[in-house]
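A short worksheet on the structure shown next.
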Amino acid sequence: MLDINFNQIIEMIEKRKNNAYKKVNEEMILLYLEVGKFLYELKEKSRYGDKITTKAADFMKNNYPSIKGFTKRNIERMIQFYSTYKDDEIATPLVTQLSWTNNLLILSGSKTKEERHFYLQLSIKNNYSKRELDRQITSSYYERYMLSDGKQLPTTNKTIDEDDYPNTRILDTYSLEFLDLPNEYTEKDLKNAIIKNLKDFILEVGKDFTFIGDEYRVQVGNHDFFIDLLFYNRELSCLVAFELKLGEFKAEYLGKMNLYLESLDRDVKKAQENPSVGIILCSSKDKDVVEYSLSKNMSQTLISEYKLKLIDKKLLETKLKEMKSLIENDSEGNNNNW
């Protein structure tokens, strides 16, 4: 008897439906850009100025009430949308891949061209919903990402290049405001809260992370050890062990993590996978202690902070400007020396 899998028909239907949705969305975004261009240029030439948006909205309401989306506010957004991207060759092919809602979130939540490009590419790569994108912008993910040196590990250097930007970068600071922990809590409380809010935690650390388990047992000699949280990262093709600490980072934490990673690489890692990565997640860290601890250590470990409240965006923006200024000054200095 011929064994036929008719589920393939459903897969075909879903694929075509998805393609149709993407095409409709692309045409809608192109329409809004076109309308924005028309009204932007009309405002520039006309003596009516800002009244153009009111007149356009009234015209659509009175003559074509069945056509939705042409309120005064939305028309103003179309004009802003066009004026923002009219000379941006990088963004133009990207905006048509996102919904109008997500485009508006990026438009209102980003201050620079670089930030807009970042969220456009991040949203496309991760297929963010409105809620997910809004959360990333609210938590200053762009600033935290740019301030992090997530490519210093051999595994990430080998796996990731500029074509993957924005990639799965291990951040210096993670925002765990969604855990809603009390003022007093234990490491166990922290771990349980992360597991309870696993979807939000994976959104924060990166959608390429797949949860394997908590209190993951590894055996070394006659001793059992338990890793707080173990993940697999699809993009980095490696196991990622998280150790959770309540206080400031201590140098002795590194030795234990190295033991975990060695055990994972010897007994759990598959031959085709990259060396395992460790992340020690502390509530604070002294940069000098971290630097000294890692300076002569070949460990595949990064030390990150976690915050239970959203970090002030202006503070992060200031730090990012300072970092860019230092890079530019170093670059100018090197050119002068040359």
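In this Cβ point-charge picture (+1 for Lys and Arg, -1 for Asp and Glu), the range 144-312 has a dipole of about 280 debye about its Cα centre.
Positive end of the dipole of the chain (Cβ unit charges, origin at the Cα centre): among LEU176, THR54, PHE38, the Cα lying farthest that way belongs to THR54. Listed by Cβ neighbour count within 10 Å, with the fewest neighbours leading, MET146, MET78 appear as MET146, MET78.
Charges were assigned to the Cβ only: +1 to each Lys and Arg, -1 to each Asp and Glu. The resulting dipole of the chain about its Cα centre is roughly 1600 debye.
Rounded to the nearest 20, the Cβ-based charge dipole of the range 7-142 about its Cα centre (Lys and Arg +1, Asp and Glu -1) stands at 420 debye.
Comparing mean-square fluctuations of SER304, SER46, SER108 from a GNM of the chain with C-alpha springs under 10 Å, the top value falls on SER46. Springs between Cα atoms under 10 Å define the GNM used for the chain, and in it the highest mean-square fluctuation of GLU243, GLU115, GLU34 occurs at GLU34.
Looking at the range 144-312 alone, DSSP beta bridges between its own residues are antiparallel in about 50 percent of cases.
Placing unit charges on each Cβ (+1 for Lys and Arg, -1 for Asp and Glu) gives the chain a dipole about its Cα centre, and among SER284, GLN97, LEU230 the Cα reaching farthest toward its positive end belongs to GLN97. Think of the range 144-312 as a dipole: +1 on every Lys or Arg Cβ, -1 on every Asp or Glu Cβ, centred on the Cα centre; then among GLN300, ALA241, VAL268, VAL268 lies furthest on the positive end. For the chain, a Gaussian network of Cα nodes joined below 10 Å ranks GLU114, GLU89, GLU11 by mean-square fluctuation, and the top entry is GLU11. Given the alternatives (i) 44, 27, 19; (ii) 39, 21, 17; (iii) 46, 33, 19, semi-axes √(5λ) of the Cα gyration tensor in Å as computed for this entry is given by (i).
For the chain, the share of DSSP beta bridges that are antiparallel, to the nearest 5, is 50%. Say R0 is 30 Å: what FRET efficiency, to the nearest 0.05, do ASN329 and ASP134 get from their beta-carbon distance? For ASN329 and ASP134, the calculated efficiency is 0.25. Loop-resident chymotrypsin sites (Phe, Trp or Tyr not before Pro) (DSSP state other than H, G, I, E or B) in the range 1-55 with no more than 16 further Cβ atoms inside 10 Å of their Cβ: PHE6, TYR48.
If I take R0 = 22 Å and measure r between the Cβ atoms of LYS37 and ILE67 in this structure, what FRET efficiency does the formula 1/(1 + (r/R0)^6) give, to the nearest 0.05?
0.75
With respect to the chain, whose longest principal axis is taken over its alpha-carbon atoms, helix 252-267 is tilted by about 90°.
For the range 144-312, the equivalent ellipsoid derived from the Cα gyration tensor has semi-axes of 22, 20, 17 Å, listed largest first. Remark: the range 210-215, residue by residue, has Karplus-estimated 3J(HN,Hα) of 10, 6, 9, x, 10, 6 Hz, where x stands for each Gly or Pro and the curve is 6.51 cos²θ - 1.76 cosθ + 1.60 at θ = phi - 60°. How far is helix 313-337 tilted, in degrees, relative to the longest principal axis of the Cα atoms in the chain, given as a value from 0 to 90 rounded to the nearest 10? Taking the Cα atoms of the chain, the angle to 313-337 is about 80 degrees.
Applying the criteria of a DSSP loop state and at most 15 other Cβ atoms within 10 Å to the trypsin sites (Lys or Arg not before Pro) of the range 298-327 yields LYS309. As a proxy for reagent exposure, ranking LEU246, LEU122, LEU294 by other Cβ atoms within 10 Å from fewest up yields LEU246, LEU294, LEU122. Label-to-label distance for PHE59 and LYS17 is 3.8 nm, based on points extended 7 Å past Cα in the beta-carbon direction. Return, ordered by residue number, the residues of the range 27-59 whose backbone nitrogen is under 13 Å from a label point located 7 Å along Cα→Cβ of LYS86. So the set is 33-46.
When a/c is below 1.5 the answer is rounded, else prolate if a/b is larger than b/c, else oblate, so apply that to the range 7-142 with a ≥ b ≥ c taken from the square roots of the Cα gyration tensor eigenvalues.
oblate
Taking 29 Å as the limit for the C-alpha separation, the pairs LYS17/LYS125; LYS130/LYS314; LYS207/LYS296; LYS191/LYS287; LYS17/LYS191; LYS15/LYS68 exceed it in the case of LYS207/LYS296; LYS17/LYS191.
Placing R0 at 41 angstrom, the Cβ-Cβ distance between LEU30 and LYS307 gives a FRET efficiency of 0.55 after rounding to 0.05.
Bear in mind these aren't lab numbers, they're just calculated from the coordinates by the rules spelled out. Quantities reported herein were computed from a predicted structural model and do not represent experimental measurements. Please note: Cβ atoms are built from the backbone with ideal geometry, for glycine as well, and neighbour counts cover all protein chains shown.
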